[in-house]
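The block underneath contains the structure these notes are about, expressed in structure tokens.
Values in this text are rule-based calculations from the coordinates and carry no lab data. If you're wondering where the values come from, they're calculated on a predicted model, not measured in any experiment. FYI the Cβ positions are ideal-geometry reconstructions off the backbone, even for glycines, and counts take in every protein chain you see.
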Amino acid sequence: MIEVRFRRGAPGAEAPRILPLAEGAAPPPAVAAAARAARFAGRAGAVLDLAGPPRVILVGLGRDPGPLACEKAGVAALRAAGEVAEIALDDAALPPEAAAAVAAGVALGAWRPPTLQARPAAKPPRRLTVHGPGAAAAEAAFAPRAAALAGCLLARDLTAEPANRLTTRAFAERLEALAEEGLEVEIHGRTWLERHGFGALLAVGRGSASPPRLAVLRWRGALPLPPLALVGKGIVFDTGGVCLKPAEGMEAMRADMAGAAACAGAMLALARRRSPAPAVAVLAIAENAVGARAYRPGDVIRTASRRTVEVVDTDAEGRLVLADALHHAITAFRPPAVLDLATLTGAVVTALGHHRAGLFGTEAALLAAAAAAGEEVGEPLWPLPIGQRHREDLRSDIADLRQCAPAGSGAWGGRLIPDACHAAAFLREFVGETPWAHLDIAGVERAEEAHAFGPAGPTGFGARLLDRLVAMRFEDEP
Amino acid sequence: MPDIAFVKPALPRAGALVLPLAEEAPLGPLAKQADEATGGAISRGLEAAKFTGRKGQSATLWAPGAGLTKVVAVGLGKSADLSATAAEAAGGAIAPAIAKEREAMVAADTLTPVLAASLALGLRLRAYRFDRYRTTEKEEDKPKLERVALAVADAAHAKAAFAPMQAVAEGVFLARDLVSEPANVLTPAECAERCKALEKLGVEVEILGPKEMKKLGFGALLGVAQGSANEPRMVVMKWMGAPKGKKAGKPLAFIGKGVTFDTGGISIKPAQGMEDMKWDMAGAGTVIGLMAALAGRKAKADVVGLVGLVENMPSGTAQRPGDVVKTASGQTVEVINTDAEGRLVLADVIHYCIDKFDPRFMVDLATLTGAIIIALGHEHAGLFSNDDTLAQRIEAAGRAVGEAAWRMPLGEAYDKQLKSDIADMKNVGGRPGGAITAAQFLQRFVQGRPWAHLDIAGTAWTTKDLPTVPKGATAFGVRMLDRLVADHYEA
């Protein structure tokens, strides 16, 4: 993450300076003529790059800017800045909260995937200095944001890693490193999984040379309560298995562990800001590979809950690994609520596109809180139903339930299957009475193009949402 | 289709007797009388069948005595939870059980008169059958049921409660008939012709042909129609039921997509499942049925129903991907996919509706996208709206009649997916959020008026029997929107 410093007084001439302006606010005299000539009026998203010297990047905040508008302005300004070593933010005209939010936007915009190029392309700035009379107050406002930012960017870092680098073992090692942050990390390997009957996770991971792992991250917090449970799908690469995916677009499947990455990011955020709320993340890590030992359609597997599942499509592996992880989270920790995040279905992309994640669950209050948290951090959700019919479609002749509805069983010639709803109906079978929310983040975990909160690539969707949800709902004294 | 009568409780001398029974409740007066007349055969039989009255449970006793051919017991569930929809479902469960009897009596004397009427409604809705093209069906396979008498203490009250329900059921049947008709029979012109039947109910019916629509500038609708030998139509139905003197209000408007067959056009659909595309006019069928329902029960509201009727065919005259058409609103559309034709038809009809009627709100119904089926499945229609009050009212009306709608999002980010390089918009926004971008497309034509869009692609047709709907056309939306009008917009 970009280094962020706070300094009293005006910035020097050396680094380009970001100057955020609300719509209708008068620009400082030095740039007023230029702003007027270029018809810069402070509209949200508007950017005016004045070469200077000193170089000034005017960025519009729109009317009555909230924190999200400020963050987006920070991202837009950073994008306009291009390849510079350092950048400054002039907070003279801003309340400290807004200045902190713009700085957070700069940090989000300055994120880049791990550099694997011999000759790296454009380098974003490494340091941001926030200048102005309110620097100290802005610094105080930035501190809690920094934790959530770190979580989001960790999620992006992990998600960006190619699968030959982020193997199941490497993923587990990266998570173990979070012990330095005050998290307790436990990694369970194949022997442990076999002993505890994690038949679903083991089946999915069986085709790969990298063995499956169950990672458990704990943040003890301060409150004497059982921990909130976060469950993440961590498929480091998803070939589809025996039901192999088409080649086109398959490279994106390295991001099929984005749910687990978001949970890990949220745990880091809680630790960084010393949240009083106890939390635990249970991450199901596996590679869904094609191989001689791979599981097959028609196989019946016994999950950790002892319930049996008939495999219909080996490419619907996410719900299987989540079934075991949800069961473990609920039985081992008795959480007051459990949330799972997963890049689970293509159907949710057809349903909601790339602008909202699908939200399913069993408790209205929890769902409403999750949706509210999402709106606050710019990671919007939309509720989708689990109907009686969706569950009926999962009836199996041989096992307790089918993993999904077979291709060809849908409407209009069999093509149209509400698979996101089916997946949610499947997961619900493993959560019992515990209040539960399921976020299907397929479609929002990465962006094809630069987006409002960062460059093209992984978005870290979910990490900031979970952190905010914890702050909103799980930090009160019992 | 059986006639329904409400009668004072008295044991029938013959035929079938139906006993709707709540869970763990004693037999009602008429049931007890029957039990005594059969020397306790009924209570013994039900016990032997382990019948407890659980919701969905049923038991049949053959020739229990006293001249009865059969006794059918149907479980109502806990009497405390007995709602109108539960009573309808029980009525629906009765229909197949007595289909082969000529006459049946339902011992509804344990129910309130209104619930007895609901039960009768459910029975009738489920007894619907579209069999006009079966010519070789064996006599013994045909349903025989001619008359069902419901025994209710306050028969007059039940009859009064049933009258409006009966009218709505007729609207449902009309819609199901239209939707079930094959496309070689139900062309746009034929569908328009059938709307004229509504004149008998007091509905004003106006039919516009291609010439009139050309004059109105319906470039989008006509573009879709131009590939077919069957000319398009637009039908405008007016039911002016608001009490005279209070005519200040604007009418409510319902708009239906009526693609009598959708091959996809040049962007042709795969063969598998294409036969289903005869019901791509279900939105129009629903609006026509709704108008019949409202007029049939003399709803005290001014309502207009508009349907755009076209056939989407590939041919030498068909429109092509890449064509740019001008809608009645003046906005231009780049046709990327000729199979996204429903929204083109609706765009022109919506514009006309605003222009002509200045409506209080508009609700459109359309089997619009496959994406909505992938999003929600078959239990919920997708509901999109720019007006939260209207949306909540529609959801509530749907819940009350067992036609569920699920709110879906709209937003600028989705709208951007429709950006065209050559015209004001494309007619598709890609696979992601496909049902949402279709709604965004429609929203560009509503001029900010209160509007709701129901994507009924997943609910217009059912491949399995539902409690009050036999396999086939559901007429989803007729009852929901009738209820919407009844609950909020009648004087």
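Relative contact order, whole percent, for segment A:269-364 stands at 20, derived from Cα pairs under 8 Å and 6 or more residues apart.
Over every Cα atom in segment A:149-473, the radius of gyration and the widest Cα-Cα span, Dmax, amount to 17.7, 56 Å. For segment B:278-430, the convex hull spanned by the alpha carbon atoms encloses 143 Å³ per residue. With helices as the sole contributors, chain A gives -10500 deg cm²/dmol at 222 nm; each DSSP H run of n ≥ 4 counts as -39500 (n - 2.57), and the sum is divided by every residue.
The ratio of the alpha-carbon radius of gyration of segment B:3-154 to the globular-protein estimate 2.2 N^0.38 Å is 1.00.
Among complete DSSP H helices in chain B, those whose alpha-carbon atoms stretch at least 18 Å along the helix's long axis and whose mean Kyte-Doolittle hydropathy reaches 1.6 are B:282-296. The fraction of all Cα pairs in segment B:389-448 landing in successive 10 Å bins from 0 to the largest distance is 21, 40, 27, 10, 1, given as whole percents. Counts of other chain beta carbons within 10 angstrom of each beta carbon in peptide B:399-412 average 2. Exposure proxy shown here: for A:VAL130, A:VAL236, the number of other Cβ atoms within 10 Å sets the order, fewest to most, as A:VAL130, A:VAL236. Taking segment B:3-154 as the region of interest, the number of lysine pairs whose Cα atoms are within less than 14 Å, with members eight or more places apart or on different chains, is 5.
Inverting the pair-averaged 1/r between distinct Cα atoms of segment A:3-110 gives 13.4 Å as its Kirkwood hydrodynamic radius. In plain terms, the residue of A:VAL102, B:VAL325, B:VAL235 with the fewest other Cβ atoms within 10 Å comes first and the most crowded comes last, giving B:VAL325, B:VAL235, A:VAL102. Once C-alpha pairs closer than 8 Å and six or more residues apart are averaged by separation and normalised to the residue number of chain A, the relative contact order reads 15 percent. Ranked by how many other Cβ atoms sit within 10 Å of their own Cβ, fewest first, the residues B:VAL307, A:VAL242, A:VAL106 fall in the order A:VAL242, A:VAL106, B:VAL307. Return the ratio Rg/(2.2 N^0.38 Å) for segment B:167-488, where Rg is computed over Cα atoms only. Dividing the Cα radius of gyration by 2.2 N^0.38 Å gives 0.90. Alpha-carbon geometry of segment A:310-378: the Rg and the Dmax are 14.0, 40 Å, given in that order.
Value of Rg to Rh for segment A:359-478, rounded to two decimals, is 1.04; Kirkwood radius and Rg both from alpha-carbon coordinates.
For chain B, the share of DSSP beta bridges that are antiparallel, to the nearest 5, is 40%. Note down the Stokes-Einstein diffusion coefficient of the protein assembly as shown in µm²/s, whole number, using a Kirkwood radius over alpha carbon pairs, 37 °C, and 0.692 mPa s. Approximately 106 µm²/s, per Stokes-Einstein. List the relative contact order of chain B as a percent without decimals, with contacts defined as Cα pairs under 8 Å and 6+ residues apart. Across chain B, relative contact order equals 15 percent.
Expressed to the nearest 5 percent, the antiparallel share of DSSP beta bridges inside the protein assembly as shown is 40 percent.
I'd like the orientation of helix A:318-333 relative to chain A: the angle between its Cα long axis and the longest Cα principal axis, in ° from 0 to 90, rounded to 10. Once rounded, one gets 90 degrees. Computed over all pairs of different Cα atoms, the Kirkwood value for the hydrodynamic radius of segment A:153-264 is 15.0 Å. Over segment B:268-315, the reciprocal of the mean inverse Cα-Cα separation, the Kirkwood hydrodynamic radius, stands at 13.1 Å.
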